[in-house]
Structure formats: structure tokens, C-alpha cells
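To keep things clear, I will list the structure first and then write my remarks on it.
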Amino acid sequence: MPGCTYARPQVASLGLTEAAARAAGRSIKVGKFAYQGNGKALASAEAEGFVKTIFDAETGELLGAHMVGAQVTEQIQGFGIAHHLEATDESLLSAIFAHPTLSEAMHESILAAVGRPLHQ
């Protein structure tokens, strides 16, 4: 179940944290992307924040997503739908994210988790 904190910046999360996944003995892949690398965040002067995704290293299962920044309470639903539909890191890689949008940071985080970041 997604959790949202309406602060400035906003905070949103879903599933396991990196620490909880490791504590459970899961082999994981972690991707993180800073809002500072997102064109829309820069253009709207809201570049504080990041998106972090945690995947099972063997199955690609989305274990958790954690976001801090502008409009993340709206964006977390994308990860909620992905989790509900049992999307994997590989299936999410092929998703097309509109440009320029804040949600591109979600895609960048997924790309980083599998070692294929476009921007850093």
C-alpha cells in the first residue's frame, strides 16, 4: 500500500526499504536517480529529491519504491500499479515515459537498478 507524506518536499513510498530487503536476506538490485538530473524538475525550480527502486536480483520483482520531491505523491501510483500487476524490472524498462516530465525520474531509477542509466 502506498504511503504519502504531504510536506515540502513530498515523500511517497511503497513496499520494502533497501534495509528491510537486505535484512530479509533478499538479493537485491537498487537504482537511485536524483531530481537534479531531471529537466522538468530543473525548469520548475523543484530539483530537490530523488527516486529509489528496489528489485529482487533473481526475479526482477519490484520490492519497493521510495520517492522524495515535487509531485511524488501523485507519481507513486505508477509504482503501485506496477507492483499490483507484478511487473518486473525488465518489463518496466520498456515502458515509455513522456518527456519532459517529473516521472522520467522513475524510469531513470529503474534503468540505474539494472546498470543502464541514461543520465547520472
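Taking the range 4-27 as the search range and keeping residues that are touching a residue at least 60 places away in the same chain (Cβ under 8 Å) and among the small types (Gly, Ala, Ser), which one is farthest from Met67 (Cα to Cα)?
Gly15
Can you tell me which of (1) within 27 Å of Ala7 (Cα to Cα); (2) buried (at least 22 other Cβ atoms within 10 Å of the Cβ); (3) without any contact (Cβ under 8 Å) to a residue 60 or more places away in the chain is the one Gly31 doesn't meet?
(3)
Consider the range 10-28. How many of its residues are surrounded by fewer than 17 Cβ atoms within 10 Å (Cβ to Cβ) and not β-branched (Val, Ile, Thr)? Show your work before the answer.
We begin by selecting, within the range 10-28, every residue surrounded by fewer than 17 Cβ atoms within 10 Å (Cβ to Cβ); these are 17, 19-20, 22-25, 27.
Those still in the list that are not β-branched (Val, Ile, Thr) too: 19-20, 22-25, 27.
Residues in the range 10-28 being surrounded by fewer than 17 Cβ atoms within 10 Å (Cβ to Cβ) and not β-branched (Val, Ile, Thr): 7 in total.
Could you list, in sequence order, all residues of the range 30-56 that are out of contact with any Gly (no Cβ under 9 Å at 6 or more places or on another chain) and of a type in the set (Lys, Arg)?
Those that are out of contact with any Gly (no Cβ under 9 Å at 6 or more places or on another chain) and of a type in the set (Lys, Arg): Lys32, Lys40.
Quick one: how many residues across the range 38-62 are open to solvent by less than 40 Å² (accessible area, probe 1.4 Å) and either within 12 Å of Ser13 (Cβ to Cβ) or of a type in the set (Lys, Arg) (or both)?
3
The values are calculated or read from the model by the stated rules, or taken from the named source; none is laboratory data. Quick caveat: nothing in here was measured; it's all calculated off a predicted structure. Here Cβ is always computed from backbone atoms with ideal geometry, including for glycine, and neighbour counts include all displayed protein chains. Ligands, DNA and RNA are excluded from the accessible area calculation, which covers all protein heavy atoms including side chains. Shrake-Rupley method; radii C 1.70, N 1.55, O 1.52, S 1.80 Å.
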